[in-house]
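Note sheet for the following structure.
The values are calculated or read from the model by the stated rules, or taken from the named source; none is laboratory data. In this text the structure is predicted, and so the values were computed from the model without any measurement. Here the Cβ is made from the backbone with ideal geometry for all residues, glycine too, and neighbour counts use every protein chain on show. The area values use the complete protein model at the heavy-atom level, side chains included, leaving out ligands, DNA and RNA. Shrake-Rupley method; radii C 1.70, N 1.55, O 1.52, S 1.80 Å.
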Amino acid sequence: MKTVTIESKFHNKGHYVPGVISGGMLYISGQLPVHHDTGEPAFGSIACQTRDALHNVELVLKAAGCTKEQVVMCRLYIPDVAFWDEVNEAYAEFFKEHKPARVIVPSRELHGGALVEIEAIAEITEETP
């Protein structure tokens, strides 16, 4: 196994790393809508928070030498299924034509008052450094 880290001013109190490469796959821990350059949480609409969390997924992908087109699965946790349409729209804007497998899980409140948390799994290809 190989751990993947990113530069961040966000103080992570959890006992985990942003990503782990194992068996030809990159497993990305749940990413919240936080700004890693300031360490501050990102607030705003759920669409805005979804874009921020996906940006953080992309930071981990890049740190592992991957692109979002290598993502094979995402899990999105939201506090209420009523947000599904807004989350789906922001998610589609991010991935464009690429459509990984996905589940959106209504889960009640999330850490720090976030409206979304996103985890992902990406395939490591021969082109990945």
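Brief remarks on what is shown
- Antiparallel content of DSSP bridges confined to the chain, in %, to 5: 75
- Debye intensity ratio in log₁₀ form over the Cα atoms of the chain, taken at each q of 0.19 Å⁻¹: -1.06
- Rounded to 10°, Cα long-axis angle of helix 84-95 versus longest principal axis of the chain: 30
- Accessible carbon and sulfur surface of the chain relative to its total accessible area, %, 1.4 Å: 53
- Here the chain is treated with +1 on each Lys and Arg Cβ and -1 on each Asp and Glu Cβ, and its dipole about the Cα centre works out to around 320 debye.
- Residue pairs, from the table Lys2/Lys99; Lys2/Lys62; Lys62/Lys99, whose Cα atoms sit over 22 Å apart: Lys2/Lys99
- Taking Cα atoms only, the orientation of helix 46-63 departs from the longest principal axis of the chain by about 10 degrees.
- The chymotrypsin sites (Phe, Trp or Tyr not before Pro) found in the range 2-106 that occupy coil by DSSP, while having at most 11 further C-beta atoms within 10 Å, are Tyr16.
- For Met25, the residues 5 or more places off, or on other chains, whose built amide H falls under 5 Å of its own are Ile124.
- For the chain, the solvent-accessible area works out to 58 Å² per residue, with a probe of 1.4 Å and every protein chain left in place.
- The range 1-84: GluC sites (Glu not before Pro) in DSSP loop, at most 10 other beta carbons within 10 Å: Glu7
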